[in-house]
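Enquirer: One structure, pasted below without further comment.
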Amino acid sequence: MIAAKSPCHNSNAASQNAYTGESLTQTLASTSKGIATAASILAKGELVAFPTETVYGLGGDARSDIAVARIFEAKARPHFNPLIVHVPDLNAAHEIAVLDEVAERVASAFWPGPLTLVLPLRQDAGLSALVTADLPSVAIRIPEHPVAQALLRAFGGPVAAPSANPSGKVSPTRPEHVLAGLSGRIAAIVDGGPCAVGVESTILGLTGEPVLLRPGGIPAEALEACLGCVLGNGGNAQKPSAPGQLASHYAPGATVRLNVLVPEEGEFWLGFGPEAEAADLNLSPAGDLVEAAANLFHYLRRADSRSGTTIAVSPIPERGLGRAINDRLRRAAAPRPE
Ligand code: AMP
Ligand code: MG
């Protein structure tokens, strides 16, 4: 098999088989050469699966809207839930989040390791709005796995990485699991063998009272001993994993009307595709769902700040990333409590 030299134009830009046109996912060895190649793929906004001590992560540049949109596309996630941002060390964590004294204590006790902290997002963090689902908080992890560490250092920026499996499937702990689910949908995987922990990271919310958002590789008791308190179980609005829980965060101030082919007089038209040529803003004039996902949060905010009345949104096809876009738009359009 011969792979074409130039990346193909499908959105995840895995290279193509010259004869069949099928996308190929490169398997890279966890050598310094393989890791350098993986870092250069990330720098192009493409996706690389890599091992951590918990499970394999599906990595993309956390500062790039397109890279993050591609993560949702590759996983076929039906919702834009926020993603965990991976950094190599505490200095890099300080660049994107605000750590108070409690956060510093937990961080120095458990990082690097299978712990994710949800912290207040720094204003100047420079992350894609899709990574945080436009929330004022960010989930950060410093993984311990030497391959993850080496990749993060070689790349030199924050990497968004949910588990490297299609949405709704079991998290992958071996490279063959990743390839079974995502082969042809991502540019590359770094082969680091099996993962040691095999369950996801524990997620601790530290944007208010400490709260356990997800049990995982670090036992809650160990966190409680460090914090000196009993943890709440996170059954509150900090935990956006259940659909709808964070509905109010995503809601623009303006009224939103969906599936509009012809907007009414005075409405702000948020268009999609070539039919919406006359739109005030177009999520993707070419009708590309990855581009539309990458623009969604910015454009909703821009539409909201410019419209006095109603935002009229073109129909978005209910396929691929369109499902997650429509999910978010339906929340924006839903009546909300005062
Ligand atoms: P996953 O990407 O599947 O490992 O899951 C990440 C989970 O982390 C999300 O579903 C949330 O529960 C949590 N999370 C990530 N980012 C944030 C954030 N900015 N604020 C609150 N929770 C978050
Ligand atoms: Mg997962």
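Enquirer: What is the packing order of peptides 49-56, 134-141, taking the mean over residues of other C-beta atoms within 10 Å and listing the highest first?
Expert: 49-56, 134-141
Enquirer: Additional query: With +1 on each Lys and Arg Cβ and -1 on each Asp and Glu Cβ, how big is the dipole of the chain about its Cα centre, in debye rounded to the nearest 20?
Expert: For the chain, the charge dipole is close to 540 debye.
Enquirer: Just the number, please: Stokes-Einstein D of the range 57-192 in µm²/s, Kirkwood Rh from C-alpha pairs, 4 °C, 1.567 mPa s.
Expert: Result for D is 86 µm²/s.
Enquirer: Per the helix-only calculation at 222 nm, which mean residue ellipticity applies to the chain, given -39500 (n - 2.57) for every DSSP H run of n ≥ 4 and division by its residues, nearest 500 deg cm²/dmol?
Expert: -9000 deg cm²/dmol
Enquirer: If the reach is capped at under 13 angstrom between alpha carbons, list the aspartates and glutamates near K33, excluding any in the same chain fewer than eight residues apart.
Expert: D191
Enquirer: Further question: So what are the ³J(HN,Hα) numbers for the range 51-57, from phi and the Karplus equation (6.51, -1.76, 1.60; θ = phi - 60°), rounded to whole Hz, Gly and Pro as x?
Expert: With the stated coefficients, the range 51-57 comes to x, 10, 6, 8, 9, 6, x Hz.
Enquirer: Convert each backbone phi in the range 160-165 into a coupling constant with the Karplus relation 6.51 cos²θ - 1.76 cosθ + 1.60 (shift: θ = phi - 60°), then list the ³J(HN,Hα) values in order as whole Hz, x for Gly and Pro.
Expert: Values per residue, Gly and Pro as x: 6, 8, x, 5, 8, 9 Hz.
Enquirer: May I pose another question? Over the chain, what is the relative contact order in percent, taking alpha-carbon pairs closer than 8 angstrom and at least six residues apart?
Expert: 20
Enquirer: Quick one: which residues, 5 or more positions from R122 or on another chain, have an amide H under 5 Å from its amide H? H modelled 1.01 Å from N in the peptide plane, none for Pro or chain starts.
Expert: Under 5 Å from the amide H of R122 lie the amide H atoms of A97, V98, each far enough along the sequence or on another chain.
Enquirer: Using mean Cβ contacts within 10 Å as the protection proxy, how do 201-212, 84-95 order, highest first? Could you put the intermediate results ahead of the total?
Expert: Values: 201-212: 21.0, 84-95: 19.2.
Highest mean packing first, the order is 201-212, 84-95.
Enquirer: When you count, for each residue, the other Cβ atoms within 10 Å and take the mean per peptide, how do 252-265, 165-178, 35-48 rank with the highest first?
Expert: Details: 252-265: 14.0, 165-178: 18.0, 35-48: 21.6.
Top of the packing list down: 35-48, 165-178, 252-265.
Enquirer: Using modelled backbone amide H atoms (1.01 Å from N, in-plane), which distant-in-sequence or interchain residues come within less than 5 Å of S201's amide H?
Expert: HN-HN under 5 Å from S201: G217.
Enquirer: So, one more: If you take the square roots of the eigenvalues of the alpha-carbon gyration tensor of the chain and sort them as a ≥ b ≥ c, do you get rounded (a/c under 1.5), prolate (a/b over b/c) or oblate?
Expert: oblate
Enquirer: Classify the range 37-76 as rounded, prolate or oblate from the Cα gyration tensor: take a ≥ b ≥ c as the square roots of its eigenvalues, call it rounded if a/c is under 1.5, otherwise prolate when a/b beats b/c and oblate if not. If you can, show how the numbers build up before the last one.
Expert: On the way: a/c = 2.10, a/b = 1.21, b/c = 1.74.
Note, shape of the range 37-76 comes out oblate.
Enquirer: Using a Förster radius of 25 Å, what is the FRET efficiency between N91 and T27 based on their Cβ-Cβ separation? Nearest 0.05, please.
Expert: For R0 = 25 Å, the calculated efficiency reads 0.20.
Enquirer: Then there's this: Choose one of L115, S40, S137: the residue whose Cα lies farthest towards the positive end of the charge dipole of the chain (beta-carbon charges +1 Lys, Arg; -1 Asp, Glu; about the Cα centre).
Expert: So the residue we want is S40.
Computed from the coordinates by the stated procedures, all read-outs in this text should not be read as laboratory data. All of these numbers come straight from a predicted model, not from anything done at the bench. Cβ: placed from backbone, ideal geometry, glycine included. Neighbour counts: every protein chain shown.
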